[in-house]
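Every number in this text was worked out from the coordinates using simple rules, so none of it is lab data. Given the structure is predicted, the values throughout are model-derived calculations rather than measurements. Virtual Cβ from ideal backbone geometry, glycine too; neighbours counted across all protein chains shown.
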Amino acid sequence: MIDFWLAAGLLLLVALSFLLIPVLRGRRAQLEEDRTALNVALYQERVAELQTQLEEGVLDAAQMDTGRAEAARELLADTEGVAAPRVARLGKPLPLLAAVLVPVLGLGLYLHFGASDKVELTREFAQAPQSMEEMTRRLERAVAAQPDSAEGLYFLGRTYMAQDRPGDAAKIFERTVNVAGREPELLGQWAQAQYFADGKKWSDKIQALTDEALKADPKEVTSLGLLGIAAFESQRYQDAIDYWNRLLAQLPPEDSSRGALEGGIAKATEKLEAGGGKVAQAPAAKHAALLKVTVDLAPALKSKVQPGDSVFIFARATSGPPAPLAAKRLTVADLPVTVELGDADAMMPQLKLSNFPEVQLVARISRAGQPTAGEWIGRSQPLASSTTAPQTLTIDSPDK
């Protein structure tokens, strides 16, 4: 921060110089004017002396003229090179007053509209914090300086959770959702913080948050873990095992939390069997859907399209969301072409081919490159998403 104020002071001195230089020049001009006035007074005094001597008869007319000419030459020599005096309309006080007011006004405007707090935060974050408390203070100042920063709010909420301050974290995550939108991960974090802030008591609010998060993303890890904890605390051990198994399937093999999660599943299993229950086998995993389709262009349309026109090939649910479940983009020059549409091509994790029993294949030509509107289209009859037989699709109709 000292470097910033030194630079600001240097710039201020440069600005003041533009105001003070004219004042200093004015003083020098005043000195020249005073010297000129003195020379003129001496000339007038000399002429008056010569006039007196003429009247007393000491000098004749010729000597009078000679003396007057000599005095005039001396005056001319003394005043030669002196610029004509300039009339200052603004006067001297105004530049001096401006020299004082400009830095004061500039400092006031900077403190009101400037970003000194953000400059200081930037310098602080350039250095590693010495403690968790210091990091928390930095994040709190960052949030105060940028209240609409979703990233700052999110990291502050996570920091509060790490410090066992779930009540503060819940408030921050609620603000984060208001700023960034109802993203599944944010909803899960908010629900988790609220659960611990409420003393591990389940509520309709927490249930609604986790339901919304998992509806948008069935693999949202925080919600799955939280639901498992709540189920275990309420002795619903089978539910806890199911939620934690779903969570375990999302974690990479090297994840450090897998050990604790597997230990929780083992403990829930032990308690379930101790109560005379039996662990239900997890349902068999669905096989990933994979549709193979050959797309071609009707002969009547080949003269009406251009090689660079975009071709969108996708599958969509016959009963479900209108968004494509899987899609690929090619050009007319690639036709005829055979492509595969499967779960790996899902536009969104929760919208997979295998999640819908019946789908329709569509191929659209769009000169503007828009997947939702084009000039020509081809559609298949509804078919099961588990179909393995190759399909054929012809683009042959106007896209209406």
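Quick notes on this structure:
- Using θ = phi - 60° and Karplus 6.51 cos²θ - 1.76 cosθ + 1.60, couplings along the stretch 166-178 (whole Hz; Gly, Pro as x): x, x, 5, 5, 4, 5, 5, 5, 5, 5, 4, 4, 5
- Over the stretch 195-352: Rg over Rh, Cα atoms, Kirkwood Rh: 1.18
- Modelled label reach - Lys267, point 7 Å along Cα→Cβ, the stretch 218-242 residues with backbone N closer than 16 Å: 225-242
- In sequence order, the stretch 395-400 has phi-based couplings of 7, 9, 10, x, 8, 10 Hz under the Karplus curve 6.51 cos²θ - 1.76 cosθ + 1.60, θ = phi - 60°, and Gly or Pro positions carry x.
- Spin-label pair Asp60/Arg367, simplified geometry with 7 Å Cα→Cβ offset, distance in nm: 11.6 nm
- Protection proxy ranking, highest mean first, for peptides 158-165, 181-188: 181-188, 158-165, where packing is the per-residue count of other beta-carbon atoms within 10 Å, averaged.
- Between Val179 and Val337, the FRET efficiency estimated from the beta carbon spacing at R0 = 41 angstrom works out to 0.40.
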